[in-house]
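Heads up, the thing below is written out as structure tokens.
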Amino acid sequence: MKIIKSPSILKENLNKLENITLIPTMGNLHEGHLSLIKEAKKLSKNIVLTIFVNPIQFNSKHDLENYPRTLKQDVSLLKDSAVTILFTPSTKDIFPTKPFLSYKMPIISNELCGKTRIGHFKGVITVVDRLFNLTNPSYAIFGKKDYQQLYLIKKFVSDSKLPIKIIEAPTIRNINNLALSSRNNLLIDKDIKNAVELYKKLKICTESVLNGAKIHDAELMAKEELTKEGWKIDYFEIRRQSDLKKPTNKDSKLVALSAGFFGDVRLIDNVEFCIPSTI
Ligand code: AMP
């Protein structure tokens with residue numbers, strides 16, 4: 001594995017390679033990230049994994065400063081992996097001039113996570129666009145853990161007619177079903193067991209809808225219970241999988257999504273489900 005910091009050296013190295021699979025990350029790697037490498041191996045032998053904590057997708061300075069940065073540990077985790085190039089640029093390398101995105105962000109980017117994290121998804125798409133330009137990949141892999149992000153990246157690629165195939169990877173969880181996340185490392189030990197409640201309530205909510213409960217009632221119940229348990233919930237909503245809009249009674253492929261703070265730490269999760277006919 002080559003470790004490259006500079007975009008120009010990256011370009012030189014990539015010129016010799018074709019059929020590249022890109023895996024963008026912000027580092028502090030865990031089994032979730034490693035699962036993306038496993039997916040990449042199925043597609044090509046030229047895998048570029050990037051580690052870049054993208055400042056323009058954070059809307060709080062505190063959040064950006066506290067984001068876990070563990071490059072040494074990440075490098076040793078990747079040592080025996082299938083990654084061909086680990087790209088670890090600085091902010092100046094990625095954004096030598098003021099970041100600019102000509103793409104018009106869809107309205108849905110201001111809902112769910114985008115409602116409280118103003119400009120977050122524009123920041124994500126801006127950096128993904130830059131990484132696509134730098135690496136010119138045939139494939140790029142993203143996790144379903146970040147469901148809205150994945151949807152918006154797919155839409156960006158399709159709207160912009162980019163010749164890149166977006167691969168969706170399933171969410172990797174720990175033994176208690178807590179979705180692995182770099183932010184879990186910010187939780188104090190006693191909060192880890194509360195963190196999994198987000199997933200449990202998502203699951204209960206989907207089951208009660210499957211058992212005939214009204215979507216609004218199921219969402220409200222989950223929100224109330226989580227609030228009682230000490231969560232500050234940003235949103236807890238059932239949307240349709242295809243475009244993340246609110247479902248009608250004709251939609252069957254749905255996803256329950258939630259984000260909330262436990263203490264200082266913001267966590268997100270989602271559960272896909274299908275209902276046989278009407279809601
Ligand atoms: P991040 O480093 O958090 O920006 O994530 C980099 C990529 O890893 C994104 O495509 C995430 O969706 C994906 N990812 C993060 N956590 C998980 C997980 N638990 N399971 C699968 N993919 C994940």
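So here's what we get for this one:
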{"read-out": "Highest average packing first - 251-258, 269-276, Cβ atoms within 10 Å", "value": "251-258, 269-276"}
{"read-out": "Extension reserve of the Ser102-Ile175 stretch, reckoned as 0.36 nm per residue once the Cα distance is removed", "value": "22.0 nm"}
{"read-out": "Residue pairs, from the table Lys5/Lys104; Lys45/Lys79; Lys45/Lys161, whose Cα atoms sit over 18 Å apart", "value": "Lys5/Lys104; Lys45/Lys161"}
{"read-out": "√(5λ) per eigenvalue of the Cα gyration tensor, region 2-169, largest first, Å", "value": "23, 18, 16"}
{"read-out": "The chain - accessible surface per residue (Å², probe 1.4 Å)", "value": "51"}
{"read-out": "Per-pair calculated FRET efficiency, R0 = 45 Å: Lys203 and Asn15 via Cβ, rounded to 0.05", "value": "0.45"}
{"read-out": "Apportionment of accessible area to carbon and sulfur, region 2-169, percent (1.4 Å)", "value": "53"}
{"read-out": "Given charges at beta-carbon only (K, R positive; D, E negative), |dipole| of region 3-68 in Debye", "value": "280"}
{"read-out": "Assigned charges on the beta-carbon of Lys, Arg, Asp, Glu; the chain dipole about Cα centre (debye)", "value": "660"}
{"read-out": "Expected-Rg normalisation [2.2 N^0.38 Å, Cα atoms] applied to region 78-134", "value": "1.42"}
{"read-out": "Lys92-Lys214 pseudo-label distance in nm [points 7 Å out on the Cα-to-Cβ vector]", "value": "5.9"}
{"read-out": "Within region 79-123, backbone nitrogen closer than 12 Å to the virtual label 7 Å beyond the Cα of Leu162 toward Cβ", "value": "102-103"}
{"read-out": "Cα-projected label distance for Asp243 with Lys45, points at 7 Å along beta-carbon direction, nm", "value": "4.3"}
{"read-out": "Computed over region 151-263, the ratio Rg/Rh where both radii use C-alpha atoms and Rh is Kirkwood", "value": "1.01"}
{"read-out": "Normalised convex hull volume, region 234-275, alpha-carbon set, Å³ per residue", "value": "62"}
{"read-out": "For the chain, calculated [θ]222 nm from helices alone, where every DSSP H run of n ≥ 4 adds -39500 (n - 2.57)", "value": "-11000 deg cm²/dmol"}
{"read-out": "Full-extension gain in nm, Asn110 to Lys253, via 0.36 nm per residue minus C-alpha separation", "value": "49.3 nm"}
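The values are calculated or read from the model by the stated rules, or taken from the named source; none is laboratory data. As the structure is a computational prediction, the values presented were derived from the model and not from experiment. Counting neighbours? That spans all protein chains shown, and the Cβs are built from the backbone with ideal geometry, glycine included. Accessible surface areas use protein heavy atoms only, side chains included; no ligands, DNA or RNA. Shrake-Rupley method; radii C 1.70, N 1.55, O 1.52, S 1.80 Å.
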